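The structure appears below as structure tokens.
Just so you know, all these numbers are worked out from the coordinates, no wet-lab data involved. If you're wondering where the values come from, they're calculated on a predicted model, not measured in any experiment. No Cβ is skipped: glycine too gets one built from the backbone with ideal geometry, and neighbour counts run over all protein chains shown.
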Amino acid sequence: MNIVGLLLTLLRISLESTASASYCDGREDGTQCFGALGGTVVIQLMNNTPEILKYQWKNKTLVILRGNGYDFSQYSLENRFFFFPSNGTVRINNLSITDCGKYTLDIFDSKGRNTESRALQLIVQ
């Protein structure tokens, strides 16, 4: 039953117009991303998601996304954050001022050691 709900949600998202969405390439450390209040931002977090052993994406201390390749857990905030492992992007709908801040992607090796850390700053105007 949960899978059907997830598929319907993903279908709804894919059918929504992305014309008003801002795009941000967050694959480099220190990137600044901008989005309009109430709008949508699509953030490119990584390439080759299936090849990455373990990863997590967080804002301050809240882990929003944790995964291993295509197998991931998403801690969706108010059903507005969506991760697409097929292309390594995160979509945040209905941006609010509380979404502003520093987000960090941590990538781990097979022994759980942090091998890479990239931060981006999300600014909602």
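So the values come out like this:
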read-out	value
Phi-based couplings in Hz for the stretch 23-40 (Karplus 6.51, -1.76, 1.60; Gly and Pro marked x)	10, 9, 8, x, 7, 10, 4, x, 5, 10, 10, 10, x, 8, 3, x, x, 10
Label point distance in nm, Ile123-Lys58, each placed 7 Å from Cα along Cα→Cβ	2.6 nm
